[in-house]
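Participant: If you scroll down you'll find the structure; I have some questions about it.
A short reminder: the numbers here are calculations on the coordinates, not readings from a lab. Keep in mind that what you see is a predicted model, and the values were worked out from it rather than measured. Glycine also receives a Cβ, built like all others from the backbone with ideal geometry; neighbour counts cover every protein chain displayed.
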Amino acid sequence: MTRIKLNVDGVRYDDDVEPRTLLVQHLRDRIGKVGTVVGCDTSNCGACTVLLDGVSVKSCSVLAVQADGKAVTTIEGLAEPGGALHPVQRAFHERHALQCGYCTPGMIMASVSLLADNPDPTDAEIREGLEGNLCRCTGYQNIVRAVHDAAAAMADGGGAAPPQVPAQAAPEQREVAV
Amino acid sequence: MIPVSFDYQRPSTVDEAVQALSAAGDDGKVLAGGQSLIPMLRLRLSAPSVLIDLGALADLRGIREDGDGLLIGAMTRHADVLANPLVRRYVPLLAQATATVADRQVRHLGTLGGSLAHADPAGDLPAVAVALDATMEIAGPDGQRTVPAGDFFVDYLTTALGPADVLLGVRFPSHEGWGTHYEKFQRMAQAWALVGVAATVRRENGTIAEARVALTNMGPVPVRARAVEDALTGAASTADAIAAAAGLAGEGTRPTSDLTASAEYRAHLATVLTGRAVSAAAGVG
Amino acid sequence: MTITSQAPAAEVGAARKRKEDARLITGQTMWTENIVVPGMLHMAILRSPLGHARISRIDTAPALREPNVVAAFSGRDVADVQGSLPCAWPVTAELVMPAHPPLAVDEVCHTGEAVAVVVARDRASAVDALAAIEIDYEPLPVVLDLEAALADGADLVHTDQTTNKAYTWIFDSAQAGTGGAVDEAASGAEVVIRRRYRQQRLIPAFMEPRSVVVDATGDQVTVWSATQIPHVLRFLLAVGTGTPEHRVRVVAPDVGGGFGGKLQVTPEEMITYLASKRAGRPVKYTETRSDSLLSAHHGRDMIQDIELSARRDGTVLGLNVRLTANMGAYLGLVGPGVPILGAFMYNAIYKFPAYRFECTGVFTNTTFTDAYRGAGRPEATYAIERIMDELAVEVGLDPLEVRRRNWIGHEEFPFTTVAGLTYDSGNYEAATDRAKQLLGYDELRREQAARRASGDPVQLGIGVSTYTEMCGLAPSRVLGSLRYGAGGWESASIRVLPTGKIEVVTGSSPHGQGHETAWSQIVADQLGVAFEDVEVLHGDTRTAYKGMDTYGSRSLAVGGFALVNACKKVIDKAKPVAAHLLECDVSDVEFADGAFRVRGTPDGGRSLADCALAVFAAHDLPDGVEPTLDADDVYDPVNFSFPHGTHLCAVEVDTETGRVTIRAYVAVDDVGRVVNPMIVEGQVHGGVAQGVAQALFEEAVYDADGNLLTGTFVDYTPPSAADLPDIVSDRTETPAPDHPLGTKGVGEAGTIASTPAVVNAVVDALRPYGVDDVPMPCTPERVWQAIRNGGGQS
């Protein structure tokens, strides 16, 4: 067992975990964040996407121990504390960008991360930017529309900024000691 | 699926990492970004008894100018490579190819060193390292050493790294003034390259003075397309000359047939894509 | 309350945002995998690594010595209680139906077949302990090739059977009296075209892996399952296990997609039930994606031999279809019937005078096949739409013109086809004209000619698909005549609560279709209540005890009919109450725009809520008035419905690499009247994506030993956003004349239409290279090979 500390959706959790525990299992089985789901075992489908220190990752391809000391934002932590939806969540609803909804948590988190890097993406950039997330229902067209709408809403200041990252962000530049 | 149980170590220095690997012997495995390894652990295709996580070695993460070129730490994430202005200036080929690696989430965690050390023949970055004449900085039980990219890739999923070696970083000579291009052919956006071609070309007065071309997935390791390079060197920078040289791309390759493509098709693609990569690098067409 | 206001705007036809979304976009969804029951254990399944073998020895006892393991057992331990998984569609009296034990006992017949299980305190312990199970296999010959399987002396898929042939089913229009004889048609034809098409094996690949929790610890057995068919599962679980049906409760919580792939009573559901019984604890099993791709039922996998006879002017004289359909190792719930559903669709929208269909179902040592989106109809549509293009080339006509010369004119409906179905309505001309206009068909043909003339390495192709399908499965008498084991009705119940709020109980079981929204819209209009005041309940046999579930584009076509009928019964029950409140004779009460009024008196009406409160109090109801407004209806359709449309696809083909890029895709669908155009468009988008995926991307592949090579999403490749085009979708609207809402159904239309549109476009691009077919999926390599084999540019 290894002791880890995580900040998940603004709450601190200290746990002993087996090193083989995947971050997504830890989120679901220990912390109770069952909004994040598992869709495959090869990191292709992206259903398990969360933000780790503010950037999108596939929580099925991260060990919980690797996330020690970091901040995780899941779909459950995306809306404002008062319940106001994130612009991406709103746009997915308005644009009918989900049907069965299983891919939706990951798709929304990936979209949030994409828009943080590229606030005004083209159709092609959205499609490329979401290539790591599979949806079997929608054919993606309404997802592309929704991400456009969310981008516009966020540009108008009509919604939340990307989620706050309490833990330290990764340093951009470092000396390489070789 | 759930990995087989393992011991987890997170050394805080390179020396500790080398010691941990030495102690673990054949049962040890390095964890870098984990984007290739963790799926293999989940499918139980890999079951090391000790996992040595290099994630705490902050010194291995970063990019800086180094002589005539760049030194990129092995634990530098793909996303950091992509965001770095020095990379775009000195080795834009690396940025172009890195942008095609997997997807955004994977690029947020996957590392340059991890991709090179994993040495998947379908991976994009090994051929890029070869085409850019990179050198690998390695620490091991007997100290530090340097291995040229051309010698680093030994066989399928096998490199010059010994069981207790740690890849520290990669030196890329500056390619300012060169034309470069990575041409990747994949069945689908998420798929691995069926074939990829990394081309670098230096032109002088309308002729090609120097060229390095390396092929992805045309053998168990990245293949330097020597015949193409020889034909290009000194040739006029024209579509005809490039097409003639590209026709030699299959020489010295050992493509495999598998579910995704036949060897014959790969060989055909290699010539087409080499023509396209070199033309783009040379600014022809 | 007294009503004087204007009627509310009609809900039906409005693009209402979905009620379902709130929980789905916030991560508060109740997937089966999220369900935790006190005392629950976890199960892991050991699966056969071989395609065909005898189990010579199996010992699960060592697993019991592993930490946290509560139970471990193999098929031999449960052989006398596990029964055989059901096939509900024995299409012929002579059907060969091998026993299908949930856990293999002596023989495994496909890779991935379940052989033993471990039940443990946690999932990791269960998975770890699988390695301790000792098992010896004696390999047996593996049968994979359909034609070899039918040859004399072939190795057998099941050693206890004498043949690999499951059945042969024939329809002949000459015998049925619906048309002529195909042989005569062929002998008198100026043109006879024969083609063999291959429907590759597909995997439904719903995004939510299947999951099941069974609590069989008390008198009641409760099953939570990611299923499309909770009602069918309840019935068959009761019959299969001997549990009295009234003690079985099945719940389909939020279900993450199905596409036919969850239209099954699965080995895993039965094994989990057995595990819960043996362990005396609730048990959960959730499959991994690799388990799912390996062992959840597959789809398609047929060889289609098609012969089309015609005159030189393009008029078709006869169609002869011979199918060889791969059943896999066992017969799935409706597996044998899947090709039969297609039997009525090969003649498509055309007036063929003679038709014969023969299908032979064949066993192989592969995962069993069953319904996948469209189920028989995409295969039929593919074959006919592909060969109509070949006819167009042969007689030198534009592909749309050859279709026009054969299709049913809009003035000819209702039209009884050569397959014996009566198409209720349609307007193929209107849909085709609209599609041509949206694509810029004539302009693209000019560009195509220019590219051909210039020898452009990137060629342009235009593909056509004018499809119809049969929706609204299905009239029970038709199902009976086809030997299907159940009816095709659907139920609806309306509960009018004292405050006037409405609970709707539907026997449909949605898993992404948006029934909660669409049903609310219908009820709002029918009862004159607010959309928000309707709650739709489904997927739990305790609340929705009667239903036939969701598949075959049936929910609105059949369930919607029942819903409207139930609403009408509510209004009929409310009228005497309203008369009482309005102090008039019941014959003077009329209901319109949400209010009961005295005929000819615009003001002073009473709402349904007024009536609801009156029957709740029931203080002074007239004699004989039952104090409830609740009503049920079960509707059995009298006919199928027949949506149709025209899909056009333009592709660019890089002839140097073989890569196909979809440049434009136009879908014009006529699904009758539309309840929610936003949802309809979403169904079209998703359907087209799946059809494009069959055309270009997906194929399940076995090696010569029967190992599935496409066992993860690395190798079985549903397309991502970056692989798919924008779809231009539009509708024409020809109402279904026999349906109270005029709706036809849309769930499968996109999938049925799109596959031939794409492949026709690919082949069209390559005609100058002597190419007349590219096998699916049209991968770059296959396109390149087709160009090489085609003999070069003519």
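Participant: Stick to the Cα atoms of the stretch B:180-282, pair each with every other, and give me the Kirkwood hydrodynamic radius in Å at one decimal.
Facilitator: 13.3 Å
Participant: What nm distance separates the two modelled labels at B:Glu264 and C:Asp572, each placed 7 Å from Cα along Cα→Cβ?
Facilitator: 7.0 nm
Participant: While we're on this one: Looking only at Cα atoms, what is the convex hull volume of the stretch C:277-333 per residue, in Å³?
Facilitator: In the stretch C:277-333, the Cα convex hull volume per residue is 158 Å³.
Participant: Now a separate question. In whole angstrom, and with the biggest value first, how far do the Cα coordinates of the stretch B:7-56 range along each principal axis?
Facilitator: Over the stretch B:7-56, Cα extents along the principal axes are 31, 20, 13 Å.
Participant: Let me ask something else about it. Looking at the calculated P(r) for the stretch A:87-155, what percent of the C-alpha pair distances fall above 18 Å?
Facilitator: 21 percent
Participant: Kirkwood hydrodynamic radius, computed over distinct alpha-carbon pairs, for the stretch C:664-794: how many Å, to one decimal?
Facilitator: About 16.8 Å, per the Kirkwood formula over Cα pairs.
Participant: Give me the percent of Cα-Cα pairs in the stretch B:58-172 that sit more than 21 Å apart, rounded to a whole number.
Facilitator: Percent of Cα pairs beyond 21 Å in the stretch B:58-172: 28.
Participant: Next up: Once chain B is represented by equal point scatterers at the alpha-carbon sites, with solvent omitted, what log10 I(q)/I(0) does the Debye formula produce at q = 0.11, 0.14 Å⁻¹?
Facilitator: Ignoring solvent entirely, the Cα scatterers give -0.62, -0.98.
Participant: Could you list C:Thr755, C:Thr168, C:Thr506 in order of exposure, starting from the residue whose Cβ has the fewest other Cβ atoms within 10 Å?
Facilitator: Ranked by crowding around the Cβ, least crowded first: C:Thr168, C:Thr506, C:Thr755.
Participant: Quick test of the membrane-span-like rule: which DSSP H helices of chain A reach at least 18 Å along their long axis (C-alpha atoms) with mean Kyte hydropathy at least -1.0?
Facilitator: What comes out of the filter, once short or polar helices are dropped, is A:104-117, A:141-155.
Participant: C:Gln264's amide H: which non-local residues (gap 5+, or another chain) put their own amide H closer than 5 Å, with H modeled 1.01 Å from N in plane and none for Pro or chain starts?
Facilitator: C:Gln228, C:Ile229
Participant: How many angstrom lie between the Cα centre of the stretch C:24-55 and the Cα centre of the stretch C:365-441?
Facilitator: Taking the Cα centre of each part, the stretch C:24-55 and the stretch C:365-441 sit 41 Å apart.
Participant: If I take R0 = 25 Å and measure r between the Cβ atoms of C:Val625 and C:Thr499 in this structure, what FRET efficiency does the formula 1/(1 + (r/R0)^6) give, to the nearest 0.05?
Facilitator: In this case the efficiency is close to 0.80.
Participant: Additional query: Looking only at other chains, what is the average number of their beta-carbon atoms within 10 angstrom of each beta-carbon in B:184-194?
Facilitator: Averaged over the peptide's residues, the number is 6.
Participant: So what is the orientation-averaged projected area of chain C, using the convex hull of its C-alpha atoms, in nm²?
Facilitator: Projected over every direction and averaged, the Cα hull of chain C covers 36.0 nm².
Participant: How big is the Kirkwood radius of the stretch C:6-52, worked out from every pair of different alpha carbons and given in Å to one decimal?
Facilitator: After inverting the mean inverse Cα-Cα distance, the result is 16.3 Å.
Participant: Provide the descending list of Cα extents for the stretch C:345-454 along its principal axes, expressed in whole angstroms.
Facilitator: Principal extents (largest minus smallest coordinate, Cα): 50, 39, 26 Å.
Participant: Tell me, what are the semi-axes, in whole angstrom and largest first, of the equivalent ellipsoid of the stretch C:467-538 as set by the roots of 5 times the Cα gyration tensor eigenvalues?
Facilitator: Taking √(5λ) for each eigenvalue gives 30, 14, 10 Å, largest first.
Participant: Are there GluC sites (Glu not before Pro) in the stretch C:43-127 that DSSP marks as loop and that have at most 12 other Cβ atoms within 10 Å, and which are they?
Facilitator: C:Glu94
Participant: Taking only complete DSSP H runs, can you tell me which helices of chain C stretch 24 Å or more along their own long axis by Cα positions and average at least 0.5 on the Kyte-Doolittle scale?
Facilitator: C:560-582, C:677-696, C:749-766
Participant: Same structure again: For the stretch A:2-77, restrict the atom set to alpha-carbon positions and state the Rg and Dmax in Å.
Facilitator: Calculated on Cα positions, Rg and Dmax stand at 10.9, 30 Å.
Participant: When all C-alpha to C-alpha distances in the stretch C:714-781 are sorted into bins of 10 Å, what percent of pairs does each bin hold, rounded to whole numbers?
Facilitator: 14, 35, 28, 17, 6, 0
Participant: Taking the Cα-to-Cβ direction at C:Gln175 and at C:Ala79 and moving 7 Å from each Cα, how far apart do the two end points lie in nm?
Facilitator: Taking the simple label geometry, C:Gln175 and C:Ala79 are separated by 4.0 nm.
Participant: Exceeding 31 Å between C-alpha atoms, which entries from my cross-link table qualify? They are B:Lys29/C:Lys284; A:Lys58/C:Lys436; A:Lys5/C:Lys262; C:Lys165/C:Lys744; A:Lys58/B:Lys184; C:Lys284/C:Lys501.
Facilitator: Violating the 31 Å Cα-Cα cut-off are B:Lys29/C:Lys284; A:Lys58/C:Lys436; A:Lys5/C:Lys262; C:Lys165/C:Lys744; C:Lys284/C:Lys501.
Participant: What is the mean number of Cβ atoms from other protein chains located within 10 Å of the Cβ atom of each residue in peptide A:52-62, rounded to a whole number?
Facilitator: Rounded to a whole number, the mean comes out at 6.
Participant: Right, next: Name all residues of the stretch C:514-532 having a backbone nitrogen under 20 Å from the label point set 7 Å from the Cα of C:Val586 along its Cα→Cβ direction, giving them as ranges.
Facilitator: In the stretch C:514-532, the label zone of C:Val586 (backbone N under 20 Å from the point 7 Å along Cα→Cβ) covers C:527.
Participant: Can I ask one more? Taking the Cβ of each residue in B:Leu21, C:Leu24 as the centre, tally the other Cβ atoms inside 10 Å and list the residues starting with the fewest.
Facilitator: Ordered from fewest to most neighbouring Cβ atoms within 10 Å, B:Leu21, C:Leu24 come out as B:Leu21, C:Leu24.
Participant: What is the set of long-range amide H partners of C:Tyr330 at a cut-off below 5 Å, with H atoms built 1.01 Å from backbone N?
Facilitator: Close amide H contacts, sequence-distant or interchain: C:Phe368, C:Thr369.
Participant: Here is a follow-up. Please express the Cα-Cα pair-distance distribution P(r) of the stretch B:1-139 as a list of whole percents, one per 10 Å bin, running from 0 to the bin with the greatest distance.
Facilitator: Each 10 Å bin holds this share of Cα pairs: 12, 41, 34, 13, 1.
Participant: In square nanometres and to one decimal, what's the mean projected area of the convex hull around the Cα atoms of the stretch C:541-613?
Facilitator: Average of the hull's projected areas for the stretch C:541-613 equals 6.4 nm².
Participant: From Cα pairs below 8 angstrom and at least 6 apart in sequence, can you work out the relative contact order of the stretch A:2-77, rounded to a whole percent?
Facilitator: With pairs under 8 Å counted, the relative contact order is 41 percent.
Participant: As an exercise, find the ratio Rg/Rh for the protein assembly as shown from alpha-carbon atoms, using the Kirkwood inverse-distance average for Rh.
Facilitator: Reported Rg/Rh (Cα atoms, Kirkwood Rh): 0.98.
Participant: Return P(r) of the stretch C:604-707 (all Cα-Cα pairs; 5 Å bins starting at 0; whole %; ordered from short to long distances).
Facilitator: Taking every Cα pair in the stretch C:604-707, the percentages come to 2, 7, 10, 11, 9, 9, 8, 9, 8, 6, 5, 5, 4, 4, 2, 1, 0.
Participant: In degrees, nearest 10, range 0 to 90: what is the angle between the Cα axis of helix B:263-282 and the longest Cα principal axis of chain B?
Facilitator: 70 degrees
Participant: Just need the relative contact order of chain C here, percent rounded to a whole number, with Cα pairs under 8 Å and 6+ apart.
Facilitator: 16 percent
Participant: Still on this structure: Per 0.36 nm of contour for each residue apart, how much would the distance between C:Ala453 and C:Ala704 grow if the chain were fully extended, relative to their Cα-Cα spacing?
Facilitator: So the chain would gain 85.9 nm between C:Ala453 and C:Ala704.
Participant: Per DSSP helix of 4 or more residues, -39500 (n - 2.57); summed, then divided by the residues of chain C. What does that give at 222 nm, rounded to the nearest 500?
Facilitator: -8500 deg cm²/dmol
Participant: Looking only at other chains, what is the average number of their beta-carbon atoms within 10 angstrom of each beta-carbon in C:681-694?
Facilitator: Mean shielding by partner chains, rounded to a whole number: 4.
Participant: Tell me, A:Arg28, C:Arg322 in order of fewest to most beta-carbon neighbours within 10 Å?
Facilitator: So the ranking, lowest neighbour count to highest, is C:Arg322, A:Arg28.
Participant: Turning to a different aspect of this structure: Note down the relative contact order for chain A as a percent, whole number, built from C-alpha pairs under 8 angstrom at least six residues apart.
Facilitator: 24 percent
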